[in-house]
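Report on the structure given below.
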Amino acid sequence: MKNLIYIFLLAAVFSACRKDDSKPVNGTVDERIEASMTAYQTQLASAKFGWKGFLNTGSNGVYTFLFNFNDKNRVTMSADYDPAALESSYRLKALQQPSLLFDTYSTLHKLQDPDPSKFNGAPGAGKGADFEFRFVSATADTIKLEGLFNQTPLVLVRSASEEENKAVFAGITRMKTVLSNLKTYFKRITIAGITYEVRFDLPTSTISFSSYENGARKTVTSGFYTDGTRIGFFKPLVLGNTTLNELKDINMDSGAGIVNATALGTKVQFTQAIAPLVYDKTVVDFFLNNPSNLGLYWDASDGFTISGVQDAFNLNGSIPGFEGLYFFPKLNLNGTLTQSFRFYSAVGYVGHILAYPAVKIQDGKILFNATALYNSVTNVKMRTAQQNTAIVLQQPEGFYLINTGLQKYDLVNVKDATAWLSFK
Amino acid sequence: MVVAILITGYFTGCKKKEDLSTPLVGLGGDTWAKGPLDDWISTNYTTPYNMEIKYKWDRSELGEINKDVVPILESKVIPVLETIKSGWINPYVDIKGGDFFKKYVQKQIYMVGSAQYNSNGSITLGVAESGRKVTLMVLNDFQKGNRSSVERILHTMHHEFGHILNQNIAVTSDYQRITAGSYSATWFNIAEEDANSMGFISSYAMASKDEDFVEMLSIMLVDGEDNFQALIATLEPDAQAKLLKKKSIVISYLKSAFGIDFVALQNKVQAEINTMAPLKK
């Protein structure tokens, strides 16, 4: 027994000391991080004409920049909202990942300034942007980054020439003009044999594509940026079996209401449409029974958009302190349930349009027998704005109700889909 | 025999020779290409006073890393540092000498562009940590030559330096007995005038005996004797007596603990402020 113990002990003595001198083939973690940071640094500074930068803050929209990095931790920057080129500092640092920090105040930081007097951001929050970014991916000409604080995506695209730099900010205005050539509420595009309903939101630079599979609506959405005649998607749009990263060569067609583009090397067209691809007839019922504000009314804060012109009847300019056009779907009028559009300003109620007798639902569409009772309003400008609103509501073809998001509904005229109200 | 093998085995068997010459990658903290601004800081702060001035963004330097705060504008760095040098460093160095200052000075200043917005609706303008580091905020709004800008920065520096002095040699305990019952954790709900009428020089002075002491010291230095007298004149006799007693303890403390002539120091600070940001007549 004792011998056995000695044998074990001896075995332990001779086997205990195993030296392991192996090193990672690719170098240590530190060495690899250092190498990747050097590579990013070299890439950033190597762009002769600098980089075009596109930052997506989400609800506060997309901002466009020109960056010129040198190898001395200096960067020259201009932006669509502040085109004067200014110099500040940057550095690369290994935080949890290789990261790019804009480490002294610059044009970019204005977006994130917590002081509302600086760039009209929210107090203590700014516009939800970033100035510290981690590297997500890099190809020779495109670097994708993501903010560390608000997770805003930043895409850097290598600029090819001085001319391209000069054109980048003007390109945004041009793109908005081109896209606003599509004046109807409903827009379509056909890619790889499938027709999609397209929706743009220009203030937030968002695009969404909806298609129907066995009657079920499928929607993909992404923020987009304008780079010359191209729009790039911050989040690639997965459409059936294809993935769309960008649309190129976006131009107005000579025909009215058509915009040409190239998707994955194929010519495609955005076209106007006066009806939805598939209309959900159940929406109207829910809309009438579940007003979101206090359970009483829906709020269309801007009045009618007509052919892409927001607040076409200028409610904001005609009604002093205008606060909203509210739709009350369940108004008890002398014992009869009816509906009313009521105009509100800072001082309160300033006129209404009554649907009397109650609205008619026809094939899921809503028809207002709008009996305008705005005659009590004596101010001429105010009355004209209300009259114009009433005239559209009186269209005998009625309106589609489109659910655009949680407690968000658009009322779109059936006649030609050029007039709509957005309720929330 | 076996035992002998075991013993030698234990003592000789496991001799590992480690290679300690491998360089560590990324050691040495942040690096960047130094520019004229870095040279200025090195010449005016780091070399003479062994202070680190950090103006480049580093979120980890902030006490609360989840707040939206932005870095300083480079063009504000030197004006702020010049103001601090004139109105805070120079008076102490002139009166007590460089060695005294180097011994007690907080070693790091972190400069930030905006304020920090807090969830209780207040904003933070500066933070000091245990006599080692001072974080100065809202520096993007700093205007050289603007009296209130200059006074605000200097007030912070004198306030924090007061803490260091007090932590090294504590003020006599008769100081805290003057307004013993009035200290309050909710000092921020008390208006300045109300604090004054209770015998405090500011509402923040009500936070604790230590804050009281350094507020007294820093406000008297930065606002000057005339303003102090003007404040006293508006108060009831009881509050007057309390503030005057606090003042006399501050003066005797500086003299006995550090051999500093308070009036001379105050005059120096005032002279510097008046040169940098003359009062508009």
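Looking at the structure I just gave you, is residue A:165 under 30 Å from residue A:305 (Cα atoms) and away from every other protein chain (no Cβ under 14 Å)? No: the conditions fail for residue A:165.
For the stretch B:138-182, the set of residues classified as of a type in the set (Ser, Thr, Tyr), buried (at least 17 other Cβ atoms within 10 Å of the Cβ) and farther than 30 Å from residue B:76 by Cα consists of B:175, B:179, listed by residue number. The set of residues in the stretch B:202-227 being open to solvent by 10 Å² or more (accessible area, probe 1.4 Å) and closer than 23 Å to residue B:92 by Cα consists of B:210, B:211, B:219, B:223, B:225, B:226, B:227. Counting only helices (runs of 4 or more DSSP H) that sit wholly inside the stretch B:1-100, not one has at least 3 residues that are within 14 Å of chain A (Cβ to nearest Cβ), at pLDDT below 95 and closer than 30 Å to residue B:254 by Cβ. Each residue in the stretch B:52-71 was checked for being farther than 18 Å from residue A:110 by Cβ, among the β-branched types (Val, Ile, Thr) and in contact (Cβ under 8 Å) with a residue 12 or more places away in the chain, and 1 pass. Looking across the stretch A:102-121, the residues that are under 14 Å from residue B:71 (Cα atoms), facing another protein chain (nearest Cβ under 10 Å) and not in a loop (DSSP other than H, G, I, E, B) come down to A:108, A:109, A:110, A:118. Pairs under 8 Å by beta carbon, first residue more than 14 Å from chain A (Cβ to nearest Cβ) and of a type in the set (D, E, K, R) in the stretch B:109-136, partner part of a loop (DSSP other than H, G, I, E, B) and open to solvent by less than 30 Å² (accessible area, probe 1.4 Å), six or more apart or different chains? The qualifying pairs are B:132/B:106; B:133/B:106. For the residues A:89, A:99, the requirement of being facing another protein chain (nearest Cβ under 9 Å) and either open to solvent by less than 40 Å² (accessible area, probe 1.4 Å) or over 22 Å from the mean Cα position of the chain (by Cα) (or both) singles out A:89. For the stretch A:49-59, a tally of residues being modelled with pLDDT under 95 and either open to solvent by 40 Å² or more (accessible area, probe 1.4 Å) or out of contact with any strand residue (DSSP E or B) (no Cβ under 9 Å at 6 or more places or on another chain) (or both) returns 1.
For the stretch A:364-395, the candidate set comprises residues that are at pLDDT below 85, surrounded by fewer than 17 Cβ atoms within 10 Å (Cβ to Cβ) and not in a helix (DSSP H, G or I); within that set, the residue that is farthest from the chain's Cα centre (by Cα) is A:378.
Checking residue B:233 against (1) surrounded by 19 or more Cβ atoms within 10 Å (Cβ to Cβ); (2) closer than 25 Å to residue B:270 by Cβ; (3) among the hydrophobic types (A, V, I, L, M, F, W, C): exactly one of these is not met. Which one? The one condition residue B:233 does not meet is (1).
Applying the condition of being within 22 Å of residue B:49 (Cα to Cα) and crowded, with 22+ Cβ neighbours inside 10 Å to the stretch B:111-133 and asking which residue is nearest to the chain's Cα centre (by Cα) yields B:111. Scanning the stretch A:200-210 for residues that are in contact (Cβ under 8 Å) with a residue 40 or more places away in the chain and open to solvent by 10 Å² or more (accessible area, probe 1.4 Å) yields A:203, A:204, A:205. When residue A:295 is tested against (1) in a loop (DSSP other than H, G, I, E, B); (2) at negative phi, exactly one condition is not met: (2).
Filtered by the rule that a residue be outside any loop (DSSP other than H, G, I, E, B) and without any contact (Cβ under 8 Å) to a residue 40 or more places away in the chain, the stretch A:135-146 gives A:136, A:137, A:142, A:144, A:146. Within the stretch B:183-201, the residues that satisfy the criterion of being open to solvent by 20 Å² or more (accessible area, probe 1.4 Å) and either without any contact (Cβ under 8 Å) to a residue 12 or more places away in the chain or touching a His at 6+ places or on another chain (Cβ under 7 Å) (or both) are B:186, B:189, B:192, B:193, B:194. Residue A:327 passes every criterion in (1) more than 26 Å from the chain's Cα centre (by Cα); (2) surrounded by fewer than 19 Cβ atoms within 10 Å (Cβ to Cβ); (3) not in a loop (DSSP other than H, G, I, E, B) apart from (2). Kindly indicate the residue of the stretch A:122-134 that is farther than 27 Å from residue A:41 by Cβ and free of Cβ contacts under 8 Å to residues at least 60 places away in the same chain and also farthest from the other protein chains (Cβ to nearest Cβ) among those meeting that condition. It comes out as A:122. Given (1) within 24 Å of residue B:142 (Cβ to Cβ); (2) touching a strand residue (DSSP E or B) at 6+ places or on another chain (Cβ under 9 Å); (3) surrounded by fewer than 17 Cβ atoms within 10 Å (Cβ to Cβ), where does residue B:82 come up short, assuming only one miss? The number of the failed condition is (2). Among the residues of the stretch A:354-363, is any in a strand (DSSP E or B), more than 30 Å from residue A:257 (Cβ to Cβ) and in contact with a Phe, Trp or Tyr (Cβ under 7 Å, 6 or more places away or on another chain)? Yes: the stretch A:354-363 contains one or more residues that are in a strand (DSSP E or B), more than 30 Å from residue A:257 (Cβ to Cβ) and in contact with a Phe, Trp or Tyr (Cβ under 7 Å, 6 or more places away or on another chain).
Just to be sure before I move on: is residue A:381 among the basic types (Lys, Arg) and free of Cβ contacts under 8 Å to residues at least 60 places away in the same chain in the structure I sent? No.
Taking (1) open to solvent by 30 Å² or more (accessible area, probe 1.4 Å); (2) in contact (Cβ under 8 Å) with a residue 12 or more places away in the chain; (3) not in a loop (DSSP other than H, G, I, E, B) in turn, residue A:349 satisfies each apart from (2).
The values are calculated or read from the model by the stated rules, or taken from the named source; none is laboratory data. The structure displayed is predicted, hence computed values, not measured ones. Glycine gets a Cβ as well: all are built from the backbone with ideal geometry, and neighbour counts include every protein chain shown. Surface areas here come from the heavy atoms of the whole protein model, side chains and all, with no ligands, DNA or RNA. Shrake-Rupley method; radii C 1.70, N 1.55, O 1.52, S 1.80 Å.
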